[in-house]
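Visitor: Please see the structure below; I have some questions.
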Amino acid sequence: MAEVSRLAIARAMFVKDVRVEIRSRVVAHQILPFAALVMVLFAFALDATNVLTRVAPGLIWLAVLFSMIIIVQRTFAVEATDGALEALQAAGVDPVPVYWGKWAALVTQLLVLELLLIVTAIVLYGIEVRAGGIVLLVTTAISATCGLAAVGTIYGGLAAGVSGRETLLPLLVLPVASPVLIGATRAVEAALGTGGTAIAEGWPWLGLLSVFAVAFGVGGSFAFGPLIED
Amino acid sequence: MHPSPHDATGTVIDLHDLVVVLGRYPALAGADLRVDAGEIVLLAGPNGAGKTTLLRACAGLARPVRGGGTVLGFDLNRERDAIRSGVGLVGHRNGLYADLTVEENLQFWGATAGASRSDVAAAATAMAVDGRLLTVPVGRLSAGQRRRVALAVLVVRRAALWLLDEPHAGLDATGRDELDQLLRRAAQAGATVVFSSHELDRAQLLATRTVSVVAGRTEATNG
Amino acid sequence: MTTISPQRAEISSLPRGTGTRATRIIGIATIVMIAWLALFGLVLSPADRDQGDSVRIMYVHVPSVWLAYLAFIVTAVCSAIHLFGKRHSLGVDRIAGASAEIGVVFMAVTLATGMLWGRITWGVYWQWDARLTTTALLFVSYIGYLAVRGLDGTQQQRARRSAVIGLLVVLEIPLVHWSVRLWRSLHQEATVLGTDLDVSLDGLMLFSLFVGVIAFTLLFLWLVLHRSRTLTMIDLVGDRELDRAVIARRAEGGIDHA
Amino acid sequence: MRDAGFIFGSYLITLGAIGAFAWRTIRVGRRLADEVAEEDKPWR
């Protein structure tokens, strides 16, 4: 068989995932509303508005983390329902670009989710995005998302398919993702100036997030194949 | 350099004493299978005999805990990737995305195998997938139509060995006859076909040889 | 007859089960040293000038930390050996599994004794210190590792899957540590443990801590030997059950190929 | 001794965990050892 370029497989995988979402609208019609609802529930739990503005960055990332678990479950359910992930294995398709493709699709979905959550926080929690912090905000969102998606895709592959494994996903993902929660929250605090933090305080966190994304992106490329093997 | 799968000649499957475990249950308890190029082999046997697992093992999917051999000339335990790229398995599940159209599914699988757009169109024609169906989401197709799309994927991937699990299930009489024709044509084009069925009489119309699968083992019979 | 009976005699003089003469010696040495540690820590040692009596907890806390991290290092190394070694040895995988179980138990001990020490010293059970937080997340991660080991599959599948997870956790540790340290350094001047643990250790204290570390290392060795042998037997029993199931399955068909 | 409860508690936790884990390991090991043939045990 002709050697297929990894990039071509990854692109096919990405296009396919995005198309499935555009057709099915599960993320748009179910998971995004869930995430927004979580933001409302945070407000009920934490009551006072000044508390909410103070902790808004953390709440945004918490909502991202929990929604991501559901998105990952959904995106691998798409693969598992008609045995497509198994068919990919059976066809001897290189798992590395499969991982990249699914990673890219997850990144895309998470970025949309984060945009929605930031808007929700502006509306509901009264946070304000200052002009100087926009660059930090955007770069933080991108690097944190790359890291989160890398972790989510690794363990999503392991949890895919076989029943009884879905419950394992949060247990595996959340401890690994905690540096992202810490880093992304502090960086967004700096970007928004929450509690009087300066923008400059955010940059070291961006370093952490980038290193995390690279480490788990590379690690996932190697780990994904052995983990989806059944 | 890989030999082109369509050139597979001689012995395509040569497996000995396979034991495959599902959970803790030995679905295969020492099965042997030998298939030559160009054959259309029927795996016959009651439900639960291990036909599905045997097909999955041949595809390099179900890993044997004991036993081994070669598929397409590659070692089952050590060269699974090489086996997989030459083998096509269609099981109870078709490996298609219900939300995508027939064409998009074929293009996706074509892209993973490096096939061109014209290959995709040709494959659809070869498996008698109605041109009007190309733009219909797979989720809206009938079972028979879906199976034909799944077979078209094997054509797109240029699989040399077709492993089909109960391909006749859920099809009406016309559908079965059409399927038989398609599979004969695929065999003439150079593919080797191994398929399973629990309806012996019907399936023997297609098969050039029958292998019985009973209680996780195989037994050659004439057919 | 004459060749068999001396062997029999030798076997019966060995400890039962997973024990051997070596593990028995290690076991006795461990008990003696832990007894000394308890005697010294609770009775003989003086209270610390700054910390008071709470320093006594350190004599069991520090060796448990050491053991827990030692166990995880062994798990990581064995995972790597399994994955990158030519033989993909199942024996190494069982040592990784046994070691992770031990690590989880002693991580729990570490966290519990650490909290008690913290309650006395800081007045709170928990501080968001880099070391504490990393330890806690490591603990949870290895619970996940053990859950992955428990998934269905062949022994080879289990070994490969858990080895991959074992190495991913190694990737996680420095990132967690870095993130928590960066986080706390922005809010406080220094880590709590870093300043407070500067106790003036006199000779006997140092000696006892040393004894504790040696004792727990031996304890680890003893536990890992026993536990990995037990895991070997679990796999053997699994193999034998499979043999039986294969025979039973063949009998179902009524075909006798043999 | 001040905070004696905490201090004795920590020793109890440590020694208790060691004891419980060791006991369980030995017990499971012995039970299985009776089921497995001597020649299958590499440490024998």
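The values are calculated or read from the model by the stated rules, or taken from the named source; none is laboratory data. Keep in mind the model is a prediction, meaning the values are calculated, not measured. Because the Cβ atoms are built from the backbone with ideal geometry, glycine has one as well, and the counts that use them run over all protein chains shown.
Visitor: Failed condition for A:VAL55, given (1) within 13 Å of chain B (Cβ to nearest Cβ); (2) over 25 Å from B:HIS92 (Cα atoms), with all others met?
Guide: Here A:VAL55 meets the rest and fails (1).
Visitor: Sticking with this one: Hey, does segment D:23-40 have a residue that's under 18 Å from C:ILE28 (Cα atoms), surrounded by fewer than 12 Cβ atoms within 10 Å (Cβ to Cβ) and more than 8 Å from every other protein chain (Cβ to nearest Cβ)? Before you say what the answer is, go through the steps one by one.
Guide: Taking segment D:23-40 first, the residues under 18 Å from C:ILE28 (Cα atoms) are D:23-27.
Cutting the leftovers down to surrounded by fewer than 12 Cβ atoms within 10 Å (Cβ to Cβ) gives us D:23.
Now restrict to residues that are more than 8 Å from every other protein chain (Cβ to nearest Cβ): D:23.
Taking every residue of segment D:23-40 in turn, at least one turns out to be under 18 Å from C:ILE28 (Cα atoms), surrounded by fewer than 12 Cβ atoms within 10 Å (Cβ to Cβ) and more than 8 Å from every other protein chain (Cβ to nearest Cβ).
Visitor: Right, something else. Working carefully through the options D:GLY19, D:GLY9, find the one that is at pLDDT 90 or above and either out of contact with any Ser or Thr (no Cβ under 9 Å at 6 or more places or on another chain) or more than 30 Å from C:ASP48 (Cβ to Cβ) (or both). Step through it out loud before you land on a result.
Guide: Numbers: D:GLY9 fails: either out of contact with any Ser or Thr (no Cβ under 9 Å at 6 or more places or on another chain) or more than 30 Å from C:ASP48 (Cβ to Cβ) (or both).
So the residue among D:GLY19, D:GLY9 that is at pLDDT 90 or above and either out of contact with any Ser or Thr (no Cβ under 9 Å at 6 or more places or on another chain) or more than 30 Å from C:ASP48 (Cβ to Cβ) (or both) is D:GLY19.
Visitor: Something else now. Out of the residues in segment C:18-67 that are part of a loop (DSSP other than H, G, I, E, B) and among the β-branched types (Val, Ile, Thr), which is farthest from the chain's Cα centre (by Cα)? Reasoning before the result, please.
Guide: To start, the set of residues in segment C:18-67 that are part of a loop (DSSP other than H, G, I, E, B) comprises C:18-20, C:45-47, C:49-51, C:53-54.
If we keep only those that are among the β-branched types (Val, Ile, Thr) as well, we get C:18, C:20.
Working: C:THR18: 18, C:THR20: 20 Å.
Ranking the candidates gives C:THR20 first.
Visitor: Report, by residue number, each residue of chain D that is outside any helix (DSSP H, G or I) and of a type outside the set (Val, Ile, Thr). If you could, list the steps in order and put the result at the bottom.
Guide: First, pick out the residues of chain D that are outside any helix (DSSP H, G or I): D:1-3, D:36-37, D:41-44.
D:MET1, D:ARG2, D:ASP3, D:ALA37, D:LYS41, D:PRO42, D:TRP43, D:ARG44, listed by residue number.
Visitor: Follow-up. Using the structure shown, decide if C:VAL124 is surrounded by fewer than 17 Cβ atoms within 10 Å (Cβ to Cβ) and more than 18 Å from C:ILE234 (Cβ to Cβ).
Guide: Numbers: surrounded by fewer than 17 Cβ atoms within 10 Å (Cβ to Cβ): yes; more than 18 Å from C:ILE234 (Cβ to Cβ): yes.
So C:VAL124 fits the description; yes.
Visitor: Then there's this: Which residues, counting only those in segment B:39-48, are modelled with pLDDT of 90 or more and not charged (D, E, K, R)?
Guide: Going through segment B:39-48, the residues modelled with pLDDT of 90 or more turn out to be B:39-44.
Within segment B:39-48, B:ILE40, B:VAL41, B:LEU42, B:LEU43, B:ALA44 qualify.
Visitor: Please go through (1) closer than 18 Å to A:PHE224 by Cβ; (2) within 14 Å of another protein chain (Cβ to nearest Cβ); (3) modelled with pLDDT under 95; (4) buried (at least 17 other Cβ atoms within 10 Å of the Cβ) for A:GLN73 and return the number of the only condition it doesn't satisfy.
Guide: Among (1) closer than 18 Å to A:PHE224 by Cβ; (2) within 14 Å of another protein chain (Cβ to nearest Cβ); (3) modelled with pLDDT under 95; (4) buried (at least 17 other Cβ atoms within 10 Å of the Cβ), the lone unmet condition for A:GLN73 is (2).
Visitor: Right, next: Do we find a residue being at pLDDT 90 or above, surrounded by 14 or more Cβ atoms within 10 Å (Cβ to Cβ) and touching a Gly at 6+ places or on another chain (Cβ under 6 Å) anywhere in segment C:205-224? Let's see the steps before the verdict.
Guide: The initial filter retains those residues of segment C:205-224 that are at pLDDT 90 or above, namely C:212-224.
Restricting the remaining residues to those that are surrounded by 14 or more Cβ atoms within 10 Å (Cβ to Cβ) gives C:212-224.
Checking which are touching a Gly at 6+ places or on another chain (Cβ under 6 Å) leaves us with C:222.
Yes, segment C:205-224 contains a residue that is at pLDDT 90 or above, surrounded by 14 or more Cβ atoms within 10 Å (Cβ to Cβ) and touching a Gly at 6+ places or on another chain (Cβ under 6 Å).
Visitor: Could you please find all residues in segment C:82-140 being under 30 Å from B:ASN77 (Cα atoms), among the small types (Gly, Ala, Ser) and touching a Ser or Thr at 6+ places or on another chain (Cβ under 8 Å)? Before you say what the answer is, go through the steps one by one.
Guide: First, pick out the residues of segment C:82-140 that are under 30 Å from B:ASN77 (Cα atoms): C:82-100.
Restricting the remaining residues to those that are among the small types (Gly, Ala, Ser) gives C:85, C:89, C:91, C:96-100.
Correct list: C:GLY91, C:ALA96, C:GLY97, C:ALA98, C:SER99, C:ALA100.
Visitor: Just wondering, is there one or more residues in segment B:87-105 that are in contact with a Cys (Cβ under 9 Å, 6 or more places away or on another chain), touching a residue at least 12 places away in the same chain (Cβ under 8 Å) and within 9 Å of chain A (Cβ to nearest Cβ)?
Guide: Step one: filter segment B:87-105 for residues in contact with a Cys (Cβ under 9 Å, 6 or more places away or on another chain), giving B:87, B:89.
Imposing the further condition that a residue be touching a residue at least 12 places away in the same chain (Cβ under 8 Å) reduces the set to B:87, B:89.
Within this subset, residues satisfying the condition of being within 9 Å of chain A (Cβ to nearest Cβ) are B:87, B:89.
Yes: segment B:87-105 contains one or more residues that are in contact with a Cys (Cβ under 9 Å, 6 or more places away or on another chain), touching a residue at least 12 places away in the same chain (Cβ under 8 Å) and within 9 Å of chain A (Cβ to nearest Cβ).
Visitor: Report the residue count in segment A:192-224 for those that are more than 9 Å from every other protein chain (Cβ to nearest Cβ) and over 19 Å from the mean Cα position of the chain (by Cα).
Guide: Total meeting the criteria: 10.
Visitor: Based on this model, can you work out whether A:ALA8 counts as within 13 Å of chain B (Cβ to nearest Cβ) and among the small types (Gly, Ala, Ser)? Even if it seems obvious, please write down each step before you answer.
Guide: Values: within 13 Å of chain B (Cβ to nearest Cβ): yes; among the small types (Gly, Ala, Ser): yes.
Yes, satisfied.
Visitor: Which of the helices (runs of 4 or more DSSP H) found entirely inside segment C:70-186 contain at least 3 residues meeting this: facing chain A (nearest Cβ under 10 Å)?
Guide: On the way: elements: C:90-121, C:130-149, C:155-185.
Result: C:130-149, C:155-185.
Visitor: Does A:ARG74 qualify as being of a type in the set (D, E, K, R), more than 30 Å from A:GLY195 (Cβ to Cβ) and free of Cβ contacts under 8 Å to residues at least 40 places away in the same chain? So that I can check it myself, show each step before the final result.
Guide: Details: of a type in the set (D, E, K, R): yes; more than 30 Å from A:GLY195 (Cβ to Cβ): yes; free of Cβ contacts under 8 Å to residues at least 40 places away in the same chain: no.
So A:ARG74 does not fit the description; no.
Visitor: Please list, ordered by first then second residue, the pairs with beta carbon atoms under 6 Å, 6 or more apart or interchain, first in segment B:9-29 and within 13 Å of C:ARG250 (Cβ to Cβ), second among the basic types (Lys, Arg) and part of a strand (DSSP E or B).
Guide: Once the first residue is within 13 Å of C:ARG250 (Cβ to Cβ) and sits in segment B:9-29, its partners that are among the basic types (Lys, Arg) and part of a strand (DSSP E or B) give B:VAL19/B:ARG66; B:ALA29/B:ARG217.
Visitor: Collect the residues in segment A:9-23 that are in contact (Cβ under 8 Å) with a residue 12 or more places away in the chain and either farther than 16 Å from B:THR112 by Cα or surrounded by fewer than 16 Cβ atoms within 10 Å (Cβ to Cβ) (or both), keeping them in residue-number order.
Guide: A:VAL18, A:VAL20, A:GLU21
Visitor: OK, next. Would you confirm whether any residue within segment A:172-191 is among the β-branched types (Val, Ile, Thr), away from chain C (no Cβ under 12 Å), touching a Ser or Thr at 6+ places or on another chain (Cβ under 9 Å) and under 27 Å from C:TYR145 (Cβ atoms)?
Guide: Quick first cut of segment A:172-191, residues among the β-branched types (Val, Ile, Thr) only: A:173, A:176, A:180, A:182, A:185, A:188.
Among the residues that remain, those that are also away from chain C (no Cβ under 12 Å) are: A:188.
Next, from what is left, pick out any that are touching a Ser or Thr at 6+ places or on another chain (Cβ under 9 Å): A:188.
Still in the list and also under 27 Å from C:TYR145 (Cβ atoms): none.
There is no residue in segment A:172-191 that is among the β-branched types (Val, Ile, Thr), away from chain C (no Cβ under 12 Å), touching a Ser or Thr at 6+ places or on another chain (Cβ under 9 Å) and under 27 Å from C:TYR145 (Cβ atoms).
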